[in-house]
Every structure is written in C-alpha cells, then in structure tokens.
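This report refers to the structure that appears directly beneath it.
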Amino acid sequence: IVPYHVAEMSQSASQNILYFYCILYFSCFPVLKSIENIGVSFVKTSEQYSKKLEAELRKQRFHFRPVRSPGVFEMRRKDHLSHFILRLAYCQTEDLRRWFIQQELDLFRFRFNELPLDKQQQFLKHNDLDYNITAEEKEAVHKNVIDGSRLSTIKMEFLLIYKIHFTDAIDLIRNRKVYLNRGYAYVPHPEIVIIVLNEFRQILSKALALTKRSLPVIESDERLQPLLNHLSHAYVGQDYSMQKNVGKISLEQIDGLAVKSFPLCMRQLHKALRDNHHLRHGGRMQYGLFLKGIGVTLEQALQFWRSEFIKGKVDAEKFDKLYSYNIRHSFGKEGKRTDYTPYSCMKIILSNLPSQGDYHGCPFRHSDPELLKQKLQSYKIPSAGITQILDLVKGMHYQLACQKYFELTHNVEEVGFSHSHPNQYFLESQRLLNVGRDVKKEPSPPEGSQRSQNSQPARPASVSAPKSADRLASEELEMIFSDG
Amino acid sequence: MAGAGDEAAVLPDLLPVYYRRLFPYPQYFRWLNYGGVRKAYFQNREFSFTLRDDIYLRYQSFTNQQELEKEMQKLVPYKIDIGAVYSHKPNQHNSVKAGNFQALEKELVFDIDMTDYDDVRNCCRAADICHKCWTLMTIAIRVLDRALEEDFGFEHRLWVYSGRRGVHCWVCDDIARKLSQTARSAVAEYLSVVKGGEDTIKKVHLTHPIHPSIEKAIVLVKRYFREYALENQDILGSKEAWEKVLAMVPEEIRENLQTEFINARNSDKRWDMLKQSVKTTKAIFTAEEIMLQYCYPRLDVNVSKGLNHLLKSPFCVHPKTGRISVPIDLKTLDSFDPFSVPTLSSICRELDSNKKPEEEDVTSKESEPESKRRSRDYKKTSLAEPVRIFDEFLKKMEHSRKGVLLEQSDSHRDF
Ligand code: SF4
Ligand SMILES: [Zn+2]
C-alpha cells in the first residue's frame, strides 16, 4: 500500500511543504528526541520513566491516549502525518533507521502500557497472540515461569501466561528472559508487550524498507529532499563519513592524538594494536572506520595497518592477501562498494559485544568497573572525577560517563554538546585544543543542534504547536496517513 | 602414531584413495537431501572446497550424489565446507540478477573452539589440546545438547569432532533450518553466558532468581567440576592460579581467603573455603559464577548467526592432524578421545592390511558395481563406527519425517 501513498504524497507534499516543515519540526521531532533523552536518563520499565515521559508528551501536546475530547482528531492526524514524514526522513541510512525505530518502539511500549488490561487483551486477540494456558499447565510451570522471566514474585492467580512458539518470542529469548520448554516460551502477561513490540518492529522496518524503495519519487522533488536530509541530520547527528580534513593528518601524529583527542574506546584499540601488532575483526572495523572518519586516507590506512601487522605474526605477503582487501572494502573500493561509515556510540555500545581476545567496544560499557578505574587512574584522572564517572557507568549512562571523561581531560566544565559519536568526540577535542583554553567561556550551542558546523537554524526555545491542520486537504490526507 | 608433519605430507597420496574408496557418499547425500521433500534442496546447497596450496573455491553445487562424487574425486579438496541452501544453484549465482540470489535455509550450527578457553586452561595454549582440557568440550556438549533438546525442542542434533581442537553441532530439524538470522543470533545469545573480552575479569553474572536453563547447566557443570577444575587443572593449586580466581570474589572476603589459602592442603579444600566464605556476602552466586566462567561452553556466536556462514563438513580430513571429522555418539561421550579418532593414514593402512581376509568373497571382481565394493571397504576400517553413528542419526531423522508425512496424509484422508 505504501508506495501508492507515496506517489500521491509527493504531489501534495510539494504544495504543502512549508506547512509540513512546521508540523514536523515543531511537533514530532522533539517528541522523538525527548523519548531518546528520557530513555537515556531513566530505566525504561521504571515508574519514573513513565511519569517523565507522560509529562513530556503532555507538554508537547502529543496525543497518546484515545481520549474523546475536542482537538484529538486534529492531533491524531498530526501524529500520523509526522510519523509518515519521519519515516521518509529516516529510512535513508541504516543508523537513522535504527535510531528512529528505537524511539518509535519506546513510544509504542509506553502507549501500550498505558492501556487498561481489557484493552490490552483485545489488542492481543486482534493480533493472534492470545494463547492462554490451562490451569493445570500453569500449576506445573509456574515456578519456572517466574524464575525464567525474572519477575519478583507475583501472585500466581493474577498472572496470565501465554504459551507461544519460541520463534515468536525472539527478543525475550535473546536476553534469556523467559522460560522455555520443548520449543515453547511461557510468557507472563507483563512481558507480552515485548512480543507485541517485536511485531511492531517488523512492521516498521518493512515500512521503512518500502519507503526507501520508493524514494526516487521523493528525491525528484528537489524541495523535499534537502529538507529531509536536514531534518534527519539535526537529530541523529551526521554520519562522519565525509570529512573535510581528509589527508590532513599524518601517520606520525596518531600516537599523540590517541592520547590527547581519542575517546577511550579508540585509545584502547590504538594501544592494543601497538602492543600486540594485531587486532581482531571487530577491532579493525571499529578503529579503522574511526581513523577514516578523522581523515586518514586509504593509502595511509594500508600503510598504517601493514606496518603494524608485519611487526607481529603476519608477513607482508600474508597481509596483502588477507587484510588489504578488507581495508579497501571499508573504504568502498571493493565488493559492493559501500562506503562504510564510522560507528556511532550507540552502535558500539549495543552491537557486537567483545569477547575473548577482543579490544573493541566501549570501555565504559564493556570493561570491568575495577579495570576501568585502574585505567582512569593511570591516565591521571583525579579520584573525585573517577567516582563521578563510575557512578554514571553504574547508572548505565555510558555516553555521559564518556562526556565526563572528556570534560576532565579537556579541563572544561561543560562540554556543550551531547556526545553520541567517537568522531564527534575527536572533532570537539581538536576544536578545543586548537583554539586554546579560552573557548571554555563560549556559549554552548542550542540544545538539539549538536553539530555547530551544520548550517542549521537554531530552534526557538519555545514555540507553540501549529494551530490547525485544516489548511491541508484534510479528508484526503487523513486517508493517506491513516496507515501510520 | 604419525606426527602432524607426516599427516600433512601424506595428503596428496592418500586423499584420492579416501575419496575414491572410503568417503561415505550415500549417507552424506541422504543427509543433505533431507528426503527430497523440497525440490532442489540438495542442488541449491553451497559447498566450498579448499584445494591444495590454499586455492579456495566458493559456490560449488551439485545436481546429485554422482556429480558430487565425481567432482570430489577430481578436485581432491583438502577441506570441504558446507554453506546454505540458496534460492538458485550456487554454481550459477553469477547469472542470477544481483539481489535475487539469496541464502534461504541452513542447519543451525554451533562451533566451539578450544582457543576461546585460553584464559581458563593451565595445560595448553591456542591450538593445542590434551586429555585434561578436552573435558571442556565434553561439558560444552552436555550443556548445549540439553538446552537444544529440552528448551528448544530440537530433535536432530549432530555433534561432530572438528578434527583438531573443537566440536561442531548441526541442528537439522525443519524449524532450525528455517530460522531467520535474527532468530539464530537470539538462540546463540540465549546459550551464551560467559561474556566480555580481555578487559573483563568477571565474565559471568548471575542474579536471583537463576534462570531454569542456567540452573540445569550448573547441575551438569558440577558433575565435572571437582575432577576437572580442582584436580586436573588445579585452578587453586598455586598462588598464581588462585589469584586469578580470587579476583572474581567480593573484595570484602578476598584478603581473608588469600591468607587462608596458603595454609590449606589442596585445591579441593580451598574451594570449600571459598564456597563457605561467599555465603557471608551479598554475592551469593559467586561460586556458581566461577564454575561457569571456567566451564560453561563458549560459542562463536558469529558462526551460528550467519545464514550463509560456512562450516567445515563432517567426514572431511583435517589437513594438519589428518584426523577425520567424525560424528560423536553422545551415549559414550565421556569416553570419546580425540587422540584415537581415525586418521587418514590409519584408515588407509587398515584398508591395505585387511585386504586378504576378504578373499572368501570370490565374486567381488570387476563386475561388481563400484558403490557396492566401496560400502564394504569402509567397513574394513575404523571408519565403520563413525559411519554407523551417522547412519543412526539419519535413520532417526527419516523416521520422524515419515511420521510427519503420515500425519499429513491422515489429515487429508479425514472426510
Ligand atoms: S561513549 Fe562512545 S566515544 Fe566514548 S568510549 Fe564509548 S563508544 Fe567510545
Ligand atoms: Zn590441555
């Protein structure tokens, strides 16, 4: 269905582009951004989280409950509409899609949890997820279900249990958060939301993929495209794959830069590489793409890796045979010719956990707190600062911990950017070091626009939501966007 | 016993004999053909061959058993890997429009490699193994096989010795073969307990309540722990060794244990002290965590995850050790000995020396079909037993396939 809508969309879009712009920029983006911020600061299943999110949504006048009151119709339309355009904006790269889906899922989870039990069950029935088990079976599995789901003891008689095939409960299985027996997962009621979310995720990614395929239609609208580009960058950050300073770094500088301007994860990889003359695949990817992002050219990269590897067990011939292809590949010079982008913190923290023999990952997330402490001490971080960092780590605020580390090592009180990318860390560090210490006093850029080098208009601090939706051809659009 | 160097040297001479007279083609084909239930299932399967001098051929595929045999005898691969079943014949992948050539199905596979245990083995490093550390593989098989069967309900699990330092598992159930990439990685994550890289001291973290699956794994590990870890590896045997273990216990009791350990008689006693002592702390699962860190299976998640990831085939010869990659019978798992697995040179020798007793069979002349002669050939060697285990596995699979078919036809008859 979607491509059809899209085709129709591009016409009305060109007419209403300014209006869209307003709606999006002032109403829905901030919502997703708030969801992200709140999700970073609170545990997603905590009451605090729901309270905070509810307050925030209210503040932003975001419709989140099917309440019958005037104005709802309009708000819901806005919701669909912005959802749709967001989909367009975010379907363009992998990282963007991932970010968008994550925020959408959090919003969905919140909404689902807000529903009363009977409405939730209705929803489950509607989606063929309503498999309650018999009383006897419940009796037999009950202890295991409680243990398997890590629930604190809940009165069994109140507990609904669904028995579903394990292939439908993938997310619970991944975290070992459900009792499994002979191929079936026994999911207690509060956890069923995860199954629902999984379903929603699939629908969403499919929709994004479809939207992407119909992108050429949109791209031909030269007014829409830059707007979409701009919007997506403003909130997720740029991908740091195209750097102005390509070739402006010499290989001799890297040792020095690693100490001064690399975030901890890259400093660690650099050290491991120098010490062991080797890095395993995960490390080569994470570090190699970072180096590319700071401006190391393909020729330099080949030289850099070769000179280090041949000090170890790999001779030059083997290196050329085994590794140089991959390096060229990551620069988009081989195979599918995809130009890989440097990893963001989120990607480093969430995907591809390091295992035996690996040095990649995020030290704030993947190091033992004890070792992290030792490392920070050896880097001469004052002990008060170390305590602060470890507290943030304990609260699972890894990026904030990294930000704190930045502040401490750069002698600034507040970084003035919200840290989400190792290459951003590097750029900000270089900016500070090159301008000199005075920059400290420079006013921080407005919230939400982390990228000061982007020519992006600052968002006014407070703007009321656009007043009405009736400037749109309402009936028609309602239909178009109702698939949101 | 022939040394590793010798084994590599005999490959060019003996591999052709192996592929001509010993390799169990009929069983192999029966396995990968899966009863021919789906059209082109065998034809669309990718094989990859590594030839002499590291020449690597991907996307090989064969229409039938005869073609497979012919190619293997012609190319004499040093190594054979099995990949996915694709949407098209893999050897024609270049003529398929890009994007249409896709991996559809594959067995769910697990790869456990002794090198991943280097931080908890005192006996060997890297590719080396010995009888002491082989117990780790035994434990790994016990733990994983239980979970695959009882938790996931998989019935057809083929365990294979890799020929050198590890084991592989091929889960062949219909559902397993159809799992998506995401589902595969979720299953692998579910089965992974030891997490963290060089920078993590404590790699296992248990919280109350312990998941039933882990609970059962702990029971299995306990069966081996004393003899394996405390006696053979002697993980608390010296100061250097126990410091590594003590790094995992809560700080408050560490110092105390350090002094107590010096006076204790042996690892066994020290372990009891440790168990007693952690009971007084909040970290009540410390002993279990240590057991799991030392013994719980460590799998290479990436191998299981990828639908198009290749894995070394059963019955292939390990080019360095010459050992045949043979199926393992779980009924006698505890006595499985990787060092007495048949090697290429040993079975070829057996083939020669057992020639004479067969004389009574006068009709076995040129007139006899080759396949028949071959089926008798492997029986003269110690390959007979591994092939029997493989055969048993296949029979069970064929049996349950028949069951499903019957069920289906029954439901049709129902009018
Ligand atoms: S927060 Fe990001 S930049 Fe900092 S160490 Fe972790 S991954 Fe690296
Ligand atoms: Zn050993």
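Values in this text are rule-based calculations from the coordinates and carry no lab data. All values reported here derive from a predicted model rather than from experimental measurement. So basically every Cβ, Gly included, is an ideal-geometry build from the backbone, and we count neighbours across all protein chains shown.
Some notes on this structure:
- Fewest-first ordering of B:Val109, B:Val204 by other beta carbons within 10 Å of each residue's beta carbon gives B:Val204, B:Val109.
- Computed from backbone phi, the HN-Hα couplings of the range B:150-155 come to 7, 7, 8, x, 7, 9 Hz, rounded to whole numbers (Karplus: 6.51 cos²θ - 1.76 cosθ + 1.60, θ = phi - 60°; Gly and Pro given as x).
- Against chain B, whose longest principal axis is taken from its Cα atoms, helix B:251-263 shows a tilt of about 90°.
- In this calculation the C-beta distance from B:Ile284 to A:Leu433 is compared with R0 = 35 Å, giving a FRET efficiency of 0.10.
- Fewest-first ranking of A:Lys119, B:Lys282, using other Cβ atoms within 10 Å as the exposure measure: B:Lys282, A:Lys119
- Gain upon complete extension [B:Glu67, B:His399; 0.36 nm per residue less C-alpha separation]: 116.8 nm
- Residues A:Tyr425, A:Tyr340, B:Tyr78 arranged by fewest to most Cβ contacts within 10 Å: A:Tyr340, B:Tyr78, A:Tyr425
- The label point for B:Asp337 and the one for A:Phe123, both projected 7 Å from the Cα toward the Cβ, are 6.2 nm apart.
- Chain B: radius of gyration over Cα atoms, expressed as a fraction of 2.2 N^0.38 Å: 1.12
- Phi to ³J(HN,Hα) by Karplus 6.51 cos²θ - 1.76 cosθ + 1.60 over the range A:275-284, Hz, x for Gly, Pro: 6, 9, 6, 6, 9, 7, 3, x, x, 4
- Cut-off under 5 Å, modelled amide H: who pairs with A:Ile133 long-range: A:Ile161, A:Lys163
- Directionally averaged projected area (convex hull, Cα atoms, the range B:194-295), nm²: 6.4
- 19 Å tail of the calculated P(r), the range B:1-124, as % of Cα pairs: 59
- Folded to 0 to 90 degrees: helix B:384-413 orientation relative to chain B principal axis, Cα: 80
- Cβ-Cβ distance of B:Ala126 and A:Gln202, R₀ of 41 Å, FRET efficiency by 1/(1 + (r/R0)^6): the value works out to about 0.45.
- Given in Å, the Rg to one decimal and the Dmax to the nearest whole number for the Cα atoms of the range A:317-390 are 17.4, 50.
- Stretching B:Ser87 away from B:Asn302 to a fully extended chain increases their span by 75.2 nm, per 0.36 nm per residue minus the current alpha-carbon distance.
- The calculated 222 nm mean residue ellipticity attributable to helices in chain B amounts to -13000 deg cm²/dmol, summing -39500 (n - 2.57) over DSSP H runs of n ≥ 4 and dividing by all residues.
- Close amide H partners of A:Tyr359, meaning residues 5 or more places away or on another chain with modelled amide H under 5 Å apart, are A:Arg280, A:Gly283.
- Bins of 5 Å, starting at 0 and running to the largest distance - Cα pair percent for the range A:252-434: 1, 8, 16, 20, 20, 15, 9, 6, 3, 1
- The range A:252-434: relative contact order in percent, alpha carbon pairs under 8 Å with at least 6 residues between: 25
- Estimated dipole of the range B:194-295 in Debye, rounded to 20 [Cβ of Lys and Arg +1, of Asp and Glu -1, Cα centre]: 300
- Tilt relative to chain B, helix B:267-278 - C-alpha long axis, 0 to 90 degrees, to 10: 60
- The distance linking the range B:295-323 with the range A:171-191 is 28 Å (Cα centroid to Cα centroid, whole angstrom).
- Cα-based shape type of the range B:254-348, given that a ≥ b ≥ c are square roots of the gyration tensor eigenvalues and the cut on a/c is 1.5: prolate
- Spin-label pair A:Asn132/B:Thr207, simplified geometry with 7 Å Cα→Cβ offset, distance in nm: 3.0
- Per-pair calculated FRET efficiency, R0 = 35 Å: A:Arg274 and A:Met396 via Cβ, rounded to 0.05: 0.70
- Residues of the range B:50-87 falling in the label zone of A:Tyr325, defined by backbone nitrogen less than 15 Å from a point 7 Å along Cα to beta-carbon, are B:50-51, B:54-60.
- Here the Karplus curve 6.51 cos²θ - 1.76 cosθ + 1.60, taken at θ = phi - 60°, turns the phi angles of the range A:159-171 into couplings of 8, 8, 10, 9, 10, 10, 5, 4, 5, 8, 10, 3, 5 Hz, with x standing for Gly and Pro.
- With the charge dipole of the range B:174-322 set up from +1 on Lys and Arg Cβ and -1 on Asp and Glu Cβ about the Cα centre, the Cα lying farthest toward the positive end among the listed residues B:Ser213, B:Cys316, B:Tyr190 is that of B:Cys316.
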